[in-house]
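Take a look at the structure below.
The values are calculated or read from the model by the stated rules, or taken from the named source; none is laboratory data. What you are looking at is a predicted structure, and each value in this text was computed from that prediction instead of being measured. Reconstructed Cβ throughout: ideal geometry from the backbone, glycine too, with neighbour counts over all protein chains shown. Surface accessibility is based on the protein's heavy atoms, side chains included, excluding ligands, DNA and RNA. Shrake-Rupley method; radii C 1.70, N 1.55, O 1.52, S 1.80 Å.
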Amino acid sequence: TADAKSKEYGVSDPLFTRTITSGSLVGSDTLSGSLTRESGEDVNTYAINQGTLANSNYDITYASANLSVTQRPITVTADAKSKEYGATDPTLTYAITTGSLVGSDTLSGALSRTSGEDAGTYVIGQGSLANSSYAITYVSANLSVAQRAITVTADAKSKEYGATDPTFTYAISSGSLVGADSLSGSLGRASGANVGTYALNVGTLANANYDITFVPANLTITQRPITVTAANKTKVFGSTDPSLTYSITSGSLV
């Protein structure tokens, strides 16, 4: 009767052994030759057969057993990856950190990642990576999507004292927005209403997917033009001067 055996894929066959389970050998007799097995190296079960095992003095009834080829254990560790928002995903790669592949074996399929395109962290999963001859222990990593760098440059503005602030506009002077993206919010400015120069600031302008470098400009408040016209006056010689008065005949006070 053959003894059941097992081995890991890629390892040499164990020695095939047997026991005499009925009857006995005489004296110092032995059986010559050896057991063999069905051919094949993939993970599977292979019958152990009698092979050349013989002795012409014995009528051998042979009871077979199996050689089980089990999966080879390996550990696959994903490589951490990063990209800028809006860029194409990098190739997701890995390393075999425990165990090894046999000969020219490869793993089929590919790693995958959690879906999403916004700036953030996404888990890299095993995906379809496999080989039926291997028992894969998978160690995940992350794909980091970093904010996309852009430079926003404010447009210089001016207004007349007392007028409503103009709309504060800007241009993207370095980098670019992705697809139909836009920036939310609006630029702000230093407070004040008198004639002078006031710095424009980034205000609430933002988009979580973008790292904004802001180049400021100024709002200039200019003097308001008015025309003051003096009123003609008269007095009797020797009397006190009348009050000298005027009217605003063009423009207005705020």
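Couple of notes before you dig in:
- For segment 31-86, a residue qualifies if it is closer than 30 Å to ARG148 by Cβ, of a type in the set (Gly, Ala, Ser) and not in a strand (DSSP E or B), and the qualifying residues are ALA80, GLY86.
- Those residues of segment 119-137 which are open to solvent by 70 Å² or more (accessible area, probe 1.4 Å) and closer than 30 Å to GLY86 by Cβ, in sequence order: THR121, VAL123, SER128
- Yes/no for GLY116 being surrounded by 14 or more Cβ atoms within 10 Å (Cβ to Cβ), assigned to a loop (DSSP other than H, G, I, E, B) and touching a strand residue (DSSP E or B) at 6+ places or on another chain (Cβ under 8 Å): no
- Residue check for LEU219: touching a residue at least 12 places away in the same chain (Cβ under 8 Å), touching a strand residue (DSSP E or B) at 6+ places or on another chain (Cβ under 7 Å) and within 22 Å of ASP118 (Cα to Cα): no
Condition check ((1) within 21 Å of ASN201 (Cα to Cα); (2) buried (at least 18 other Cβ atoms within 10 Å of the Cβ)) across all residues:
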| position | (1), (2) |
| --- | --- |
| GLN71 | no, no |
| ALA80 | no, no |
| SER100 | no, no |
| LEU111 | no, yes |
| VAL139 | no, no |
| LEU143 | no, yes |
| THR153 | yes, no |
| PHE168 | yes, yes |
| ILE172 | yes, no |
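- Counted residues, segment 182-201 - those being closer than 28 Å to GLY116 by Cα, assigned to a loop (DSSP other than H, G, I, E, B) and open to solvent by 40 Å² or more (accessible area, probe 1.4 Å): 3
- Some residue of segment 223-233 being more than 30 Å from GLU117 (Cα to Cα), polar (S, T, N, Q), at pLDDT 95 or above and open to solvent by 70 Å² or more (accessible area, probe 1.4 Å): yes
- Applying the criterion of being of a type in the set (D, E, K, R) and touching a residue at least 40 places away in the same chain (Cβ under 8 Å) to the residues of segment 13-47, the residue that is farthest from ASN131 (Cα to Cα) is ASP13.
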